Every structure is written in C-alpha cells, then in structure tokens.
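Student: Just passing along the structure, written as structure tokens.
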Amino acid sequence: MRKDLVTAALAVVFFTVLLGIAYPLAVTGVSQVVFHGKANGSQFERDGNVVGSKLLAQPFVIDTGRKDADGNPITRPDPRYFQPRPSQTGYNPSGTFFSNRGPNQSTARYFYRDQLATYLKLERPYTPGLTAARVPVDAVTTSASGVDPDISEANARIQAHRVARVRRLSLGRLDQLVKDKTDGRFLGVLGEPGVNVTELNLALDGATR
C-alpha cells in the first residue's frame, strides 16, 4: 500500500515537472526563436511602440467629444482610413463573439439595414452611383469573432475612393496599395482574397509621411 502511494506521488511530481514546467518552457523557447513575431501576437510596431496586431481588427475613429447614455464616448469613422467590418464586440479582443442572429429574426433585418445605411452615408459622397446592391456583404456583416482584420478586395476598392479624396492622393496609388496588401486564397484554392485593414492603414500612414 505504502509502495503504491509513493509510486503514485512520484508519478504526479514527475509528470507535473515534465508537462507543467519543462514542456511549456521548451515550447515557449522554440517558438520565441523560430516564430518570434507570431509567438508574440504578430504585433505591429512604430517608433518603438506597439500600434496593433495583424491578427486583430481595430477601430479607426474620431472622438466626437460626446457620450452616450452609458457614459461611453461617441465616435464616428475617420474618413482618412479604411474601415474594418462591423463588430459585435466593439473590436474588443478580450471578449470575442458573434451576433448569433438568424435569417428570420427581425433584429437581423434592422441591424443590416442600419449598417448598410451607415456604409452608404460614408462612401456614397466619394463614389457617386454607389447603390445598396453594389455594397459587398462583408461591409455590413460582422465576423464570427468580431475582430477579423480582413475585408474583401471589393470593399477596399470602394473605400479607396474616399481615402484618396480625403488624403488628396491619386486613386491609382491607393489601388496599388490595396493590391500590395491583398492576401490570396490559402493554397491558391481555399477561401477568398482578403485585405488586412490594420496593416493597410499602417502602410498608408507610412506612405504619406
């Protein structure tokens, strides 16, 4: 009996040290050496400061100086930047989730109607003739996580008209920047091409400094 208890206790200690300490340290060490950037969250740095992550969408907004009924700042999209997809979480990476709206819910109809109106209000002054039928689906729908940094190429092309006009840049220059930051299909066949908004906006700032 005593021998069994000693054996069990030694096994617990051994596997605790092996799997709870040695293995995590080994994995962390290898990842820091081999995949340093990815292991630390694929962070973007500028002037020595972390300004974002390639894995996360973030809002590019202007504070209006007003607050809502709950005391939260009221913001509006900054027209100088490309805008990510709508977010159910307010782009909060610590609590990601999706809306869970079904196709038959009236709340879904109202939500997408409001998102479409917001998109057209922002983009139509710079893209005459833009209709609801031409608005890409990703421009008015949330992602599964609420922090997906990618938008469709079609969405980025529409927004390029606004950004070019506001920043007084040629549309051709913006289109080339969008092309440079567009990721193709995975393995050439899976998924759709996407444009990382965070990366695109940082490149935009860098190109116009």
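The values are calculated or read from the model by the stated rules, or taken from the named source; none is laboratory data. Everything numeric in this text was worked out from a predicted model, so none of it was measured. Cβ placement follows ideal geometry from the backbone for every residue including glycine, while neighbour counts extend to all protein chains displayed. Note: areas computed on protein heavy atoms with side chains; ligands, DNA, RNA excluded. Shrake-Rupley method; radii C 1.70, N 1.55, O 1.52, S 1.80 Å.
Student: Determine whether segment 67-82 contains at least one residue that is modelled with pLDDT under 80, of a type in the set (D, E, K, R) and outside any helix (DSSP H, G or I).
Tutor: No, because not a single residue in segment 67-82 is modelled with pLDDT under 80, of a type in the set (D, E, K, R) and outside any helix (DSSP H, G or I).
Student: Report, ordered by the first and then the second residue, all pairs with beta carbons closer than 7 Å, sequence separation of six or more or different chains, a first member in segment 97-110 that is part of a helix (DSSP H, G or I), and a second member that is charged (D, E, K, R).
Tutor: 107/101; 108/101
Student: One residue is enough: does segment 77-89 have a residue meeting the conditions free of Cβ contacts under 8 Å to residues at least 24 places away in the same chain and either open to solvent by 80 Å² or more (accessible area, probe 1.4 Å) or under 24 Å from residue 202 (Cβ atoms) (or both)?
Tutor: Initially, segment 77-89 is screened for residues free of Cβ contacts under 8 Å to residues at least 24 places away in the same chain, giving 78.
Of the ones still in play, those that are also either open to solvent by 80 Å² or more (accessible area, probe 1.4 Å) or under 24 Å from residue 202 (Cβ atoms) (or both) are 78.
The answer is yes, given that some residue of segment 77-89 is free of Cβ contacts under 8 Å to residues at least 24 places away in the same chain and either open to solvent by 80 Å² or more (accessible area, probe 1.4 Å) or under 24 Å from residue 202 (Cβ atoms) (or both).
Student: Quick check: is even one residue across segment 142-155 more than 12 Å from the chain's Cα centre (by Cα), of a type in the set (S, T, N, Q) and in a loop (DSSP other than H, G, I, E, B)?
Tutor: Taking every residue of segment 142-155 in turn, none turns out to be more than 12 Å from the chain's Cα centre (by Cα), of a type in the set (S, T, N, Q) and in a loop (DSSP other than H, G, I, E, B).
Student: Ok, one more. Within segment 179-209, how many residues are β-branched (Val, Ile, Thr), closer than 25 Å to residue 133 by Cα and crowded, with 21+ Cβ neighbours inside 10 Å? It would help to see each step written out before you state the result.
Tutor: The initial filter retains those residues of segment 179-209 that are β-branched (Val, Ile, Thr), namely 182, 189, 195, 197-198, 208.
Checking which are closer than 25 Å to residue 133 by Cα leaves us with 182, 195, 197.
Okay, now just the ones that are also crowded, with 21+ Cβ neighbours inside 10 Å, so 195, 197.
So the count comes out to 2.
Student: Any idea how many residues of segment 98-123 are aromatic (Phe, Trp, Tyr), open to solvent by 50 Å² or more (accessible area, probe 1.4 Å) and under 28 Å from residue 80 (Cβ atoms)?
Tutor: First pass over segment 98-123, keeping only residues aromatic (Phe, Trp, Tyr): 98, 110-112, 119.
Still in the running and open to solvent by 50 Å² or more (accessible area, probe 1.4 Å): 98, 110, 112.
Now narrow it down to the ones that are under 28 Å from residue 80 (Cβ atoms): 112.
Looking only at that region, the number is 1.
Student: Out of all the residues in segment 144-158, which are surrounded by fewer than 21 Cβ atoms within 10 Å (Cβ to Cβ) and more than 21 Å from residue 179 (Cβ to Cβ)?
Tutor: 144, 145, listed by residue number.
Student: What are the residues in segment 14-49 that are surrounded by 10 or more Cβ atoms within 10 Å (Cβ to Cβ), within 30 Å of residue 206 (Cα to Cα) and modelled with pLDDT of 70 or more, if any?
Tutor: 46, the sole residue that qualifies.
Student: Can you find even one residue in segment 54-63 that is aromatic (Phe, Trp, Tyr) and modelled with pLDDT of 80 or more?
Tutor: Applying the first criterion (aromatic (Phe, Trp, Tyr)) to segment 54-63 yields 60.
Restricting the remaining residues to those that are modelled with pLDDT of 80 or more gives 60.
Checking segment 54-63: at least one residue is aromatic (Phe, Trp, Tyr) and modelled with pLDDT of 80 or more.
Student: If I go through segment 48-76 residue by residue, how many of them are touching a residue at least 24 places away in the same chain (Cβ under 8 Å) and of a type outside the set (D, E, K, R)? Talk me through it step by step, then tell me what you get.
Tutor: As a first pass, look at segment 48-76 and keep what is touching a residue at least 24 places away in the same chain (Cβ under 8 Å): 51-60.
Subsequent filtering for residues that are of a type outside the set (D, E, K, R) retains 51-53, 55-60.
Selection size over segment 48-76: 9.
Student: Provide a single number: the residues in segment 157-209 that are assigned to a helix (DSSP H, G or I), charged (D, E, K, R) and more than 17 Å from the chain's Cα centre (by Cα). Lay out the reasoning, then the answer.
Tutor: Taking segment 157-209 as the starting set, the residues that turn out to be assigned to a helix (DSSP H, G or I) are 157-167, 171-180, 197-207.
With the extra rule that they be charged (D, E, K, R), the set shrinks to 157, 162, 165, 167, 173, 175, 179-180, 199, 205.
Imposing the further condition that a residue be more than 17 Å from the chain's Cα centre (by Cα) reduces the set to 157, 162, 165, 167, 173, 175, 179-180, 205.
Residues flagged as assigned to a helix (DSSP H, G or I), charged (D, E, K, R) and more than 17 Å from the chain's Cα centre (by Cα) within segment 157-209 amount to 9.
Student: From 140, 166, grab the single residue that is hydrophobic (A, V, I, L, M, F, W, C), within 18 Å of residue 60 (Cβ to Cβ), open to solvent by 30 Å² or more (accessible area, probe 1.4 Å) and at pLDDT 90 or above.
Tutor: Just one listed residue meets the conditions, 166.
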